[in-house]
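What follows draws every value from the coordinates through simple rules; no lab data is involved. Remember, it's a predicted structure, so these values are computed and weren't measured experimentally. Don't worry about glycine lacking a Cβ; one is built from the backbone with ideal geometry, like all the others, and counts go over all protein chains shown.
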């Protein structure tokens with residue numbers, strides 16, 4: 001899939017699945033606004049392509065997902081909710097991960 005096909009598809013679906021090659025193509029054309037290694041499910045990223053904002057993450061089934069967000073604020077909130085979810089997965093083991101070091 002080309003970048004134009006990726007953009008078209010993600011604008012008409014809640015999210016799309018990308019291959020590793022498609023992700024590499026999209027990352028090469030995008031600006032990474034925020035990126036964190038979740039230590040559980042690869043990286044989660046806020047990406048900007050032209051004036052559009054996207055979230056890219058990896059599902060628990062190891063699928064690379066891309067979703068279009070309506071604004072940077074919406075993406076930041078989604079990102080925070082995901083990071084809170086990953087943080088809760090460490091509860092009970094005594095571990096505390098600092099994702100921002």
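When only alpha carbons of the chain are considered, Rg and Dmax amount to 13.9, 45 Å.
Report, in deg cm²/dmol and to the nearest 500, the calculated mean residue ellipticity at 222 nm for the chain, where each DSSP H run with n ≥ 4 adds -39500 (n - 2.57) and the sum is divided by the residue count. Before the final figure, lay out the partial values.
Numbers: 3 runs with 37 residues, N = 101.
Taken over the chain, the calculation gives -11500 deg cm²/dmol.
Quick one: length gained pulling residue 3 to residue 84 fully straight, 0.36 nm per residue minus the C-alpha distance? Let's see the in-between values first.
Details: separation 81, 0.36 × 81 = 29.16 nm, distance 3.06 nm.
Length difference between fully extended and current span is 26.1 nm.
Using the Cβ-Cβ distance between residue 61 and residue 13 with R0 set to 25 Å, the FRET efficiency works out to roughly 0.90.
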